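Working notes, structure below.
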Amino acid sequence: MPERRTVALVTLGCARNEVDSEELAGRLAADGWELVENAEEADVAVVNTCGFVEAAKKDSVDALLEANDLKDHGRTQAVVAVGCMAERYGKELAEALPEADGVLGFDDYADISNRLQTILSGGSVEAHTPRDRRKLLPLSPVERQQAASGVALPGHGAVEAPAAVPEDLPEGLAPASGPRAPLRRRLDASPVASVKLASGCDRRCSFCAIPSFRGSFVSRRPSDVLNETRWLAEQGVKEIMLVSENNTSYGKDLGDIRLLESLLPELAGVDGIERVRVSYLQPAEMRPGLIDVLTSTEKVAPYFDLSFQHSAPDVLRAMRRFGDTDRFLELLETIRSKAPTAGARSNFIVGFPGESEADFAELERFITHARLDAIGVFGYSDEDGTEAATYENKLDQEVVDARLAHLSRLAEELTAQRAEERIGETLEVLVETLDEEDGWIGRAAHQAPETDGQVLLTTDGGAEPDLAPGRMVRARVVGTEGVDLVAECLSEEAGR
């Protein structure tokens, strides 16, 4: 009998990282590793790190150190860093954090089982050497698809079709049905799952380092996205969330920039799927046809995760972005003219180099009139290797902190007001969990997982549908708790 090998995956950061972790889990399960939920029960703890901003990097380091502590009083024998921070810093991270027994980059994912086995057996694996992943593929998007077959793209599948995958895969493991289709193993039983639509980004925002370590934009083929969605539906998933660095660019390297508009109805038609959600939309790339599909297709959530970042023209130009307050408000008005209850959220950076008091006031004007359901606010900080890090006219940290606190308070007030505007609306709510204190909790179409608030379901109105995770029920909003909604379940016939 082969020796029992256990591994736990600890995931930090965004939904894209969650997809990557499930691909790693699939590869490891196919090679005989036993996946366990808690790191203290694993021979190897694999920490999928985030390398986006300073706070996320700190969380990643803390998670690695916490996992390392388990080696003194638990089963854990090795701690390995993967993910964006490992890819971005590689050997530098390994030298700064000797507690990590391995620092593996994206190129190591295809052989993750052998890498972990070497480390577990007491051997060493050379730490990843970072490189600018934008240079791995042709500059022209239409030339990338063929070249991408030799480049590691997490969430897209193997660089080469895995040769050693057994025909009789372990239960719950998605088959690699094509040369780039990923093995995938779900790490929880949530009725919601993310599906990677693409990887990388061709935009050159001056504050963002993501393209340098995630690479140029590469779309997944529609057949792969559809097959993965079908498999997830078979696993009990009711809502899929399409994720990438920029979903509005989907298809441009496949010769059809409008490919998302034709793919969405197909995904919504997958048997068992009740809701399709699209995240990470670029305002400058929004087009009428995409707005139409997002606001009128059955089972596609009228949800707009728009990356505004700011609204003052001078700040946006310094960010290498486009638009202004009035154009952004016009975009939101166009959306709401087609779907009055559509959800909209965004993130903003305050204290960007050169941001004047007038620029900050313009940003306040925008968010005051935008009626966004969720708002994330971040204070600017220099990121290694970005253009903005070289800018002059940096604001004093006290000024950045004051603007961050001010806008955060305003955002909290405005999103609470927006929630109150929804009192009286009838929602389609996907039931997710049963909380000991709050009872059944779910999310409506305007609420993405973990970022946009939730719906607290009650049966005070008399209707008592058979609530369970994954069930879709109709409910009427009767109150709010900050950005969260309180809603009464309607008739049993409304559920499905």
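Against the conditions (1) part of a loop (DSSP other than H, G, I, E, B); (2) in contact with a helix residue (DSSP H, G or I) (Cβ under 7 Å, 6 or more places away or on another chain); (3) closer than 21 Å to residue 267 by Cβ; (4) at pLDDT 85 or above, where does residue 190 fall short? Just the number, please.
(2)
Identify, from the list 423, 375, 349, the residue that is among the aliphatic types (A, V, I, L, M), in contact (Cβ under 8 Å) with a residue 12 or more places away in the chain and open to solvent by 70 Å² or more (accessible area, probe 1.4 Å).
Of 423, 375, 349, the one residue that is among the aliphatic types (A, V, I, L, M), in contact (Cβ under 8 Å) with a residue 12 or more places away in the chain and open to solvent by 70 Å² or more (accessible area, probe 1.4 Å) is 423.
Identify all residues within the range 378-407 that are touching a residue at least 60 places away in the same chain (Cβ under 8 Å) and either farther than 22 Å from residue 84 by Cβ or not polar (S, T, N, Q) (or both); write none if there are none.
Result: 378, 380, 383, 384, 385, 387, 388, 391.
How about the range 1-32: which of its residues are over 27 Å from residue 200 (Cα atoms) and crowded, with 23+ Cβ neighbours inside 10 Å?
7
Kindly indicate the residue of the range 473-491 that is among the aliphatic types (A, V, I, L, M) and closer than 22 Å to residue 448 by Cβ and also most open to solvent (accessible area, probe 1.4 Å) among those meeting that condition.
The extreme case among them is 483.
List the pairs whose first member sits in the range 64-87 and is charged (D, E, K, R), whose second member is modelled with pLDDT under 80, and whose Cβ atoms are under 9 Å apart, counting only residues at least 6 apart or on separate chains?
87/51
Can you name the number of the only condition in (1) of a type in the set (Gly, Ala, Ser); (2) buried (at least 24 other Cβ atoms within 10 Å of the Cβ); (3) within 19 Å of residue 152 (Cβ to Cβ) that residue 212 fails?
(2)
Would you be able to tell me the number of residues in the range 281-301 that are surrounded by fewer than 22 Cβ atoms within 10 Å (Cβ to Cβ) and part of a loop (DSSP other than H, G, I, E, B)?
Total satisfying the criteria: 6.
Under the condition of being in a strand (DSSP E or B) and without any contact (Cβ under 8 Å) to a residue 60 or more places away in the chain, which residue from the range 302-343 is nearest to residue 269 (Cα to Cα)?
If we take residues in the range 302-343 being in a strand (DSSP E or B) and without any contact (Cβ under 8 Å) to a residue 60 or more places away in the chain, then 304 is nearest to residue 269 (Cα to Cα).
Just one of (1) open to solvent by less than 10 Å² (accessible area, probe 1.4 Å); (2) among the hydrophobic types (A, V, I, L, M, F, W, C); (3) closer than 17 Å to residue 86 by Cβ trips up residue 42, so point out which.
Of the numbered conditions (1) open to solvent by less than 10 Å² (accessible area, probe 1.4 Å); (2) among the hydrophobic types (A, V, I, L, M, F, W, C); (3) closer than 17 Å to residue 86 by Cβ, the odd one out for residue 42 is (3).
Do you know which residues across the range 215-244 are within 17 Å of residue 254 (Cα to Cα), open to solvent by 10 Å² or more (accessible area, probe 1.4 Å) and among the hydrophobic types (A, V, I, L, M, F, W, C)?
Once the filter is applied, which keeps residues that are within 17 Å of residue 254 (Cα to Cα), open to solvent by 10 Å² or more (accessible area, probe 1.4 Å) and among the hydrophobic types (A, V, I, L, M, F, W, C), the range 215-244 yields only 226.
Looking only at helices (runs of 4 or more DSSP H) that fall completely inside the range 64-134, which ones have 3 or more residues that are among the β-branched types (Val, Ile, Thr)? Spell out how you get there, then give the answer.
Numbers: elements: 83-89, 91-96, 112-120.
In the range 64-134, 112-120 are the helices (runs of 4 or more DSSP H) which contain 3 or more residues that are among the β-branched types (Val, Ile, Thr).
It is to be established whether one or more residues within the range 453-465 are at pLDDT below 90, part of a loop (DSSP other than H, G, I, E, B), farther than 26 Å from residue 366 by Cβ and of a type in the set (Val, Ile, Thr).
Yes - at least one qualifying residue is present in the range 453-465.
Would you mention how many residues in the range 420-461 are farther than 23 Å from residue 340 by Cα and not hydrophobic (A, V, I, L, M, F, W, C)?
Summing the residues that are farther than 23 Å from residue 340 by Cα and not hydrophobic (A, V, I, L, M, F, W, C) in the range 420-461 gives 12.
Residues are listed down the side, and each one gets a yes or a no for (1) within 21 Å of residue 58 (Cα to Cα); (2) at pLDDT 95 or above; (3) not small (Gly, Ala, Ser); (4) not in a helix (DSSP H, G or I):
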position: 353; (1), (2), (3), (4): no, yes, yes, yes
position: 360; (1), (2), (3), (4): no, yes, yes, no
position: 367; (1), (2), (3), (4): no, yes, yes, no
position: 382; (1), (2), (3), (4): yes, no, yes, yes
position: 392; (1), (2), (3), (4): no, no, yes, yes
position: 401; (1), (2), (3), (4): yes, yes, yes, no
position: 412; (1), (2), (3), (4): no, yes, yes, no
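Limited to the range 378-401, what total is found for residues that are of a type in the set (A, V, I, L, M, F, W, C) and surrounded by fewer than 16 Cβ atoms within 10 Å (Cβ to Cβ)?
Total meeting the criteria: 1.
The values are calculated or read from the model by the stated rules, or taken from the named source; none is laboratory data. Since the model is a prediction, treat every value here as computed from it, not as a measurement. Please note: Cβ atoms are built from the backbone with ideal geometry, for glycine as well, and neighbour counts cover all protein chains shown. Keep in mind that these areas ignore ligands, DNA and RNA; they rest on the heavy atoms of the full protein, side chains included. Shrake-Rupley method; radii C 1.70, N 1.55, O 1.52, S 1.80 Å.
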